[in-house]
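S.K.: Below you'll find the structure I mean.
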Amino acid sequence: MAREFTRVGVVGLGTMGAGIVEVFARNGIDVTAVEISDGALERGRATLTGSTDRAVAKGKLAEAERDALLARVDFRVGLDALHDVDLVIEAVPEHLDLKQRIFAELDRVCKPEAILATNTSSLSVTEISVATTRPNQVIGIHFFNPAPVMKLVEVVRTVVTSADVVADVEALCERLGKVDVTISDRAGFIANALLFGYLNHAVGMFEARYATREDIDAAMKLGCGLPMGPLALMDLIGLDTAYEILDTMYRRGGRDRRHAPAPLLKQMVTAGLLGRKSGRGFYTYERPGSPKVVPDEHTPLAAEAALADGARAIAKVGVVGSGTMATGIIEVFAKAGYEVISVTRGAEKSAKVCEAVKTSLNKGVVRGKLSETDRDDALGRITWSATLEHLADVDLVVEAVIEELSVKKALFASLDEICKPGVVLATTTSSLPVIDVAMATQRPADVVGLHFFNPAPIMPLVEIVQTIRTSAETSATARAVCAKLGKTGVVCGDRSGFIVNALLFPYLNDAVKMLEASYSTADDIDYAMKLGCGYPMGPFELLDVVGLDVSLAIQRELYLELREPGFAPAPLLEHLVTAGYLGRKTGRGFRDHTRR
Ligand SMILES: NC(=O)c1ccc[n+]([C@@H]2O[C@H](COP(=O)([O-])OP(=O)(O)OC[C@H]3O[C@@H](n4cnc5c(N)ncnc54)[C@H](O)[C@@H]3O)[C@@H](O)[C@H]2O)c1
């Protein structure tokens with residue numbers, strides 16, 4: 001028989017605690033909600049009321065339900081109020097000594113059979129448990145932010161947590177409508193161990209002025225389908241909490257430099273810029289606690305103003321190449337009203353590309369996304385050619401040929417001879433240095449990277465890669481073109497992986513390392529990222545879709561350029577590639593796709 005939980009206690013009503021109170025009270029469980037002072041208690045109460053009022057306003061909760069929910073919560077100052085609860089969840093700041101003091105006190109106050117749980121993200125549950133006389137009844141119950149929304153709970157059992165306590169907590173999670181994964185006590189558990197290296201890397205990019213906060217966030221949202229960009233997520237987590245999590249993970253998790261908190265974080269925390277909860281972090285919010293971002297001195301100028309800023313007029317565009325990317329890019333430009341000259345290496349290839357573009361446009365018509373007239377007009381704007389000299393009078397060339405530097409350099413040298421002055425020359429490379437391509441011409445100031453995502457007609461993001469020689473005019477032109485294509489252009493420097501791949505692939509590689517270390521299963525790791533962080537796919541699903549060979553190549557490039565030891569490709573990834581398990585395309589990668 002699973003244990004009955006009729007009353008639970010929550011200690012600390014900050015970002016997480018207030019949400020955890022809501023989760024219990026929504027599910028009919030009485031809660032004693034404890035804070036350290038009257039002021040903090042009132043803030044916690046206000047957070048809960050604000051959240052439930054918003055749920056009512058959105059029609060997700062009836063008024064009577066809200067009133068019943070609030071009536072289940074008893075707000076108190078001091079731990080003594082917890083003498084009669086069946087379970088306590090502690091959600092105070094991420095400091096070991098503070099948590100240990102609280103657990104020693106809870107051990108004294110709570111009834112002997114009560115379960116004591118911590119919501120810690122990175123501290124050792126084992127170390128917290130030994131502050132009590134009942135370490136076998138101590139467990140980690142790690143909720144995700146915002147607790148009422150995110151489905152995942154990581155249940156952390158130490159070597160002494162008793163099996164029935166684990167089973168009771170798992171049953172409780174189910175009652176709360178959550179999906180739980182039970183794991184052992186390791187720094188960062190599953191989700192944070194994979195998330196925080198990525199978040200810290202994004203802060204480092206921002207700190208190095210590699211890209212703006214808006215562009216870093218837009219890149220990860222639009223390029224990977226994440227619910228939030230990394231800097232906005234840092235603001236939601238709270239920069240003080242994030243700092244402590246990183247610091248603990250660095251110390252507990254093998255001193256991986258990627259977890260050494262970016263210096264900027266410490267400065268922001270010291271300056272009181274804690275994120276949403278203080279009203280200002282990477283972004284500025286309407287008021288403390290508000291999710292609404294308001295413009296500040298770093299907010300970019302309105303798009304039109306930026307576009308007027310020296311962009312050249314572009315009417316005629318050349319697209320070189322005959323692969324998937326070239327085909328998609330031809331369609332994108334033609335649909336946006338540009339006159340397009342497609343150049344391939346022969347009439348046969350041109351015919352194939354033409355067929356592929358027609359098929360794709362026809363699909364748009366069938367799906368009701370494009371009228372027949374628009375399709376015909378788009379096709380009418382495209383000229384098919386196998387002669388590079390036909391690009392003599394275009395205004396922009398987009399190169400999308402094979403990912404080999406020698407081929408691209410030779411092509412750019414030819415374009416340099418053929419094209420008229422003032423043309424913008426763009427490469428769609430996803431891994432080669434744009435500057436190498438630029439220096440193959442006599443006009444490196446006119447060369448820029450335009451990194452489209454696959455499938456180009458659908459993916460809304462383009463990374464605009466500026467080399468140290470790219471002129472402001474070229475960059476402005478690239479931004480204006482992206483806007484006309486209806487894409488979000490994000491501007492970044494010429495570094496391996498640009499924004500998206502540099503932030504994405506080390507995370508995928510870390511997931512492989514976690515699997516290799518047998519900390520968890522591919523299924524649980526995928527669940528953790530989808531249900532805990534709202535990712536559209538788990539890392540192993542995504543690796544199988546992208547292709548393990550492609551992923552390994554990108555990871556190797558990142559490692560070679562940045563020499564970051566943590567970026568070394570996971571041996572398991574290398575072995576799978578060697579074995580020919582490349583993902584969906586070969587029927588087998590991390591999962592066997594031949595069996596249904
Ligand atoms: N922020 C997140 O996204 C997130 C997600 C999952 C887990 N966590 C973990 O949850 C815990 C809380 O983090 P947070 O972000 O909610 O912190 P927070 O700073 O927002 O809130 C902490 C609260 O604890 C209260 N408190 C401090 N000392 C207390 C005491 N002695 N008795 C009672 N209350 C006390 C504070 O007044 C404050 O309201 C941490 O262990 C953190 O790692 C955080």
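S.K.: Out of (1) in contact with an Asp or Glu (Cβ under 7 Å, 6 or more places away or on another chain); (2) within 21 Å of Leu194 (Cβ to Cβ); (3) open to solvent by 30 Å² or more (accessible area, probe 1.4 Å), what's the single condition that is false for Arg584?
M.R.: (2)
S.K.: Let me ask something additional. Only one of these is in contact with a His (Cβ under 9 Å, 6 or more places away or on another chain) and open to solvent by less than 20 Å² (accessible area, probe 1.4 Å): Leu116, Leu176, Leu172, Leu152. Name it.
M.R.: Details: Leu116 fails: in contact with a His (Cβ under 9 Å, 6 or more places away or on another chain); Leu176 fails: in contact with a His (Cβ under 9 Å, 6 or more places away or on another chain); Leu172 fails: in contact with a His (Cβ under 9 Å, 6 or more places away or on another chain).
Step by step, each of Leu116, Leu176, Leu172, Leu152 is checked, and only Leu152 is in contact with a His (Cβ under 9 Å, 6 or more places away or on another chain) and open to solvent by less than 20 Å² (accessible area, probe 1.4 Å).
Residue-by-condition table, conditions (1) open to solvent by 70 Å² or more (accessible area, probe 1.4 Å); (2) in a loop (DSSP other than H, G, I, E, B); (3) not charged (D, E, K, R):
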| position | (1), (2), (3) |
| --- | --- |
| Leu543 | no, no, yes |
| Arg556 | yes, no, no |
| Leu573 | no, no, yes |
| Val577 | no, no, yes |
| Arg595 | yes, yes, no |
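S.K.: Let me ask something else about it. Pull out all pairs, ordered by first then second residue, where Cβ-Cβ is under 9 Å, the residues are six or more apart or on different chains, the first lies in segment 78-104 and is free of Cβ contacts under 8 Å to residues at least 24 places away in the same chain, and the second is open to solvent by 20 Å² or more (accessible area, probe 1.4 Å) and within 7 Å of the ligand (Cβ to nearest atom).
M.R.: As it stands, the answer is Leu98/Val92, since those pairs meet every condition given.
S.K.: Taking Pro300 and the conditions (1) open to solvent by 50 Å² or more (accessible area, probe 1.4 Å); (2) at pLDDT 95 or above, which numbered condition does it fall short on, given that it satisfies the others?
M.R.: Condition not satisfied by Pro300: (2).
S.K.: So which pairs qualify, if the first residue must be in segment 28-40 and surrounded by fewer than 23 Cβ atoms within 10 Å (Cβ to Cβ), the second must be in a helix (DSSP H, G or I), the Cβ gap must be under 7 Å, and the two must be at least 6 apart or on different chains?
M.R.: Matching pairs, first to second residue: Thr32/Ala81; Thr32/Leu82.
S.K.: For the structure I just gave you, tell me whether Leu152 is out of contact with any strand residue (DSSP E or B) (no Cβ under 7 Å at 6 or more places or on another chain), within 16 Å of the ligand (Cβ to nearest atom) and under 22 Å from Ser520 (Cα atoms).
M.R.: In short, no.
S.K.: Output the helices (runs of 4 or more DSSP H) that fall wholly within segment 223-341 and possess 3 or more residues being within 20 Å of the chain's Cα centre (by Cα) and within 22 Å of Lys487 (Cβ to Cβ), or say none.
M.R.: 230-237
S.K.: Quick check: is even one residue across segment 178-196 touching a Pro at 6+ places or on another chain (Cβ under 9 Å) and under 30 Å from Thr133 (Cβ atoms)?
M.R.: no
S.K.: Follow-up. Pick from Val166, Val149: which is modelled with pLDDT under 95 and closer than 22 Å to Val10 by Cβ?
M.R.: Numbers: Val166 fails: modelled with pLDDT under 95.
From the options Val166, Val149, the qualifying one is Val149.
S.K.: Do you know which of the residues in segment 377-409 that are without any contact (Cβ under 8 Å) to a residue 40 or more places away in the chain and closer than 20 Å to Lys335 by Cα is surrounded by the fewest Cβ atoms within 10 Å (Cβ to Cβ)?
M.R.: So the residue we want is Gly380.
S.K.: Follow-up. Restricting segment 438-478 to residues that are surrounded by fewer than 19 Cβ atoms within 10 Å (Cβ to Cβ) and without any contact (Cβ under 8 Å) to a residue 60 or more places away in the chain, which is nearest to Thr324 (Cα to Cα)?
M.R.: Ile458
S.K.: Scan segment 48-80 for residues that are in a helix (DSSP H, G or I), in contact with a Leu (Cβ under 8 Å, 6 or more places away or on another chain) and under 15 Å from Phe24 (Cα atoms) and jot them down.
M.R.: Result: Leu48, Thr49, Thr52, Leu69, Leu70.
S.K.: Something else about it: Just one of Arg108, Arg76, Arg72 is within 11 Å of the ligand (Cβ to nearest atom) and either polar (S, T, N, Q) or open to solvent by 20 Å² or more (accessible area, probe 1.4 Å) (or both); which is it? Can you show your working first?
M.R.: Numbers: Arg108 fails: within 11 Å of the ligand (Cβ to nearest atom); Arg72 fails: within 11 Å of the ligand (Cβ to nearest atom).
Answer to the check: Arg76.
S.K.: Within the set of pairs 6+ apart or on separate chains, which have a first residue in segment 240-255 that is over 20 Å from Gly275 (Cα atoms) and without any contact (Cβ under 8 Å) to a residue 60 or more places away in the chain, a second that is within 15 Å of the ligand (Cβ to nearest atom) and not hydrophobic (A, V, I, L, M, F, W, C), and C-beta atoms under 7 Å apart?
M.R.: Close Cβ pairs satisfying both conditions: Tyr250/His259.
S.K.: With the condition kept exactly as written, say whether any residue in segment 271-294 is modelled with pLDDT of 90 or more, open to solvent by 80 Å² or more (accessible area, probe 1.4 Å) and over 22 Å from Ser51 (Cβ atoms).
M.R.: no
S.K.: Residues that are at pLDDT 95 or above and under 18 Å from the mean Cα position of the chain (by Cα): which helices (runs of 4 or more DSSP H) entirely in segment 416-518 hold 3 or more of them?
M.R.: By residue number, 500-516.
S.K.: Right, something else. Restricting attention to segment 14-28, and to residues there that are touching a Lys or Arg at 6+ places or on another chain (Cβ under 7 Å) and at pLDDT 95 or above, which single residue is farthest from the ligand (Cβ to nearest atom)?
M.R.: The selected residue is Asn27.
S.K.: Right, another one. Can you pull out every residue in segment 179-192 that is under 18 Å from Cys533 (Cβ atoms) and touching a residue at least 60 places away in the same chain (Cβ under 8 Å)? Lay out the reasoning, then the answer.
M.R.: Looking only at segment 179-192, we keep the residues that are under 18 Å from Cys533 (Cβ atoms), and these are 179-181, 183, 186-192.
Matches in segment 179-192: Val179, Val181, Ile183, Arg186, Ala187, Gly188, Phe189, Ile190, Ala191, Asn192.
S.K.: Does Ala33 meet the test of being within 11 Å of the ligand (Cβ to nearest atom) and not in a helix (DSSP H, G or I)?
M.R.: Yes: the conditions hold for Ala33.
S.K.: Filtering segment 228-278 down to residues that are touching a Leu at 6+ places or on another chain (Cβ under 9 Å) and on the phi > 0 side of the Ramachandran plot, which residue is nearest to the ligand (Cβ to nearest atom)?
M.R.: Gly238
S.K.: Just to be sure I understand the filter: pairs with C-beta atoms under 6 Å, separated by 6 or more residues or on different chains, first member in segment 10-22 and part of a loop (DSSP other than H, G, I, E, B), second member open to solvent by 10 Å² or more (accessible area, probe 1.4 Å) and not acidic (Asp, Glu). Which pairs pass?
M.R.: Gly12/Ala91; Gly12/Val92
S.K.: Being away from the ligand (no atom under 15 Å from the Cβ) and either surrounded by 15 or more Cβ atoms within 10 Å (Cβ to Cβ) or of a type in the set (Asp, Glu) (or both) narrows it down to one of Arg66, Arg45, so name that one.
M.R.: On the way: Arg45 fails: away from the ligand (no atom under 15 Å from the Cβ).
Exactly one residue qualifies, and that residue is Arg66.
S.K.: Test each condition in (1) closer than 18 Å to Lys277 by Cα; (2) open to solvent by 60 Å² or more (accessible area, probe 1.4 Å); (3) away from the ligand (no atom under 11 Å from the Cβ) for Arg3 and report the one that comes out false.
M.R.: Answer for Arg3: the failing condition is (1).
S.K.: From Asp592, Asp549, which residue is among the acidic types (Asp, Glu) and either touching a residue at least 12 places away in the same chain (Cβ under 8 Å) or within 30 Å of Ser121 (Cα to Cα) (or both)?
M.R.: Only one candidate passes the filter, namely Asp549.
S.K.: Quick check on my filter: what residues within segment 79-96 are open to solvent by 10 Å² or more (accessible area, probe 1.4 Å) and within 11 Å of the ligand (Cβ to nearest atom)?
M.R.: Within segment 79-96, Leu79, Ala81, Ala91, Val92, Pro93, Glu94, His95, Leu96 meet the criteria.
The values are calculated or read from the model by the stated rules, or taken from the named source; none is laboratory data. Here the structure is a predicted model, which is why all the values come from computation and not from measurement. Here Cβ is always computed from backbone atoms with ideal geometry, including for glycine, and neighbour counts include all displayed protein chains. These accessible areas exclude ligands, DNA and RNA; they are computed on the full protein's heavy atoms, side chains included. Shrake-Rupley method; radii C 1.70, N 1.55, O 1.52, S 1.80 Å.
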